[in-house]
Amino acid sequence: MSLGQRVATDHQLARLLQIGAVLEEVVESRAYHHLDSFEDEEGVDEDVRDLLEHAAEESAEHRSRLEALIEDLDAETVPYEEINKLVEAQYAQTKPEDFDGLLYDQLCNEETAYKFYDDLVEAIEASESEFSIDRELVLDTLRQIREEEAEGVEEVTEVMERRA
Amino acid sequence: MNTADQYLKAIYLVQRMEDGPAATGALADMLDVSPASVNEMVGKLQDRGLVDHEKYKGATLTDDGIVRAEDALQTYCIIERFLANVLEVEDYRGEASALEAVIDDTVAERLDTIIDRREECPDCFDAEADQCCYLEVAAGESAD
């Protein structure tokens, strides 16, 4: 067991980026499952629909940026279809009961992603190790994604406040 | 998972294995730190009411400490299960130990939405084997 909070090797960095990519895949897949769940319902709040569509698109975009880094580290990403199947398998047990629950789920997604990238940036900054890929490129990418997750938290909070 | 939670989890596991207080040496071995570091942290945990420490015997979790340790062990279990079953990492135990300090509980909760974990977790965690006794590792290609 290690008590360090540093990212010291290519392998460890690749693994953490893989986890980030899976988190994005989970967000994307859950957002589409939420959208499917109220496809036939009337009176669906357009703000909520837009929010979920935007979240899914943004996650796909984040994932592709992470995948590019992972590939440069000679590692692979778990294909989206595989994660989608896992989300599918557990979704019935974990899906929100109503729109407020759904927004809360979305808020958790954005906050979790923010926290993940924030911790990862901190762990890389705390390490003086050099990686086989440009360290600044990794940090820039992660900081940018972190910023977009922070905006995501704000967007969900605004929709929640409008509905309150 | 923060350092305090890693210590609480280690005390919990050593207590289970020893069926008694967790000795400083055993904790130092499990956490790969010096006995002096263990004593310092155990003292802090005692001040926070999470651990009782008896000289020459070792540390015992209080009720509050047990709750925190079980949460930490659940988080660890999620990480291990995720690495073994989703990323198909061969050395999932070693990597879970290395990553637990960087993976926050909220992140583990999200990962938990795609893994299959039993309700009795963490009671089904085998301390000796350092993994859930129900964890099945699929033979397949790793995402390395």
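Quick note: the coordinates plus some simple rules give every number you see, no bench work behind them. All values derive from a computational prediction rather than experimental measurement. Cβ placement follows ideal geometry from the backbone for every residue including glycine, while neighbour counts extend to all protein chains displayed.
Remarks
- Amide H contacts for B:F125 (H built 1.01 Å from N in the peptide plane; partners 5 or more residues away or on another chain; cut-off under 5 Å): B:C133.
- Nearest 10 degrees, 0 to 90: helix B:3-18 Cα axis against chain B principal axis: 80 degrees
- Look at the alpha carbon pairs under 8 Å that are at least 6 residues apart: their mean separation over the length of region B:39-108 gives a relative contact order of 19 percent.
- Cleavage-rule hits, GluC sites (Glu not before Pro), region A:88-147, DSSP coil, Cβ neighbours within 10 Å at most 16: A:E97, A:E128, A:E130
- J(HN,Hα) series, region B:84-98, from Karplus relation 6.51 cos²θ - 1.76 cosθ + 1.60, nearest Hz, glycine and proline x: 6, 9, 9, 8, 6, 7, 5, 8, 5, 5, x, 6, 5, 4, 6
- Peptide B:110-122 has a mean of 4 when you count, residue by residue, the C-beta atoms of other protein chains within 10 Å of its C-beta.
- Of interest is the spacing of the C-alpha centroids, which for region A:119-148 and region A:45-67 amounts to 23 Å.
- Cβ-based net charge around B:Y76, under 11 Å, with every Lys or Arg adding one and every Asp or Glu removing one: -4
- Principal-axis tilt of helix B:63-81 within chain B, Cα atoms, nearest 10 degrees: 30 degrees
- Here the Gaussian network model covers chain A, with springs between Cα atoms less than 10 Å apart; of A:Q90, A:Q18, A:Q144, A:Q90 fluctuates the most.
- Largest GNM mean-square fluctuation among A:A92, A:A14, A:A56, using chain A with Cα springs under 10 Å: A:A92.
- Positive-end residue, the protein assembly as shown charge dipole about Cα centroid, Cβ charges, pick of A:A123, A:V22, B:S97: B:S97
- In degrees, nearest ten, helix A:80-94 long axis to first principal axis of chain A (Cα): 50 degrees
- Mean residue ellipticity, 222 nm, helices only, chain A: the sum of -39500 (n - 2.57) across DSSP H runs of n ≥ 4, divided by residue count and rounded to 500, is -27500 deg cm²/dmol.
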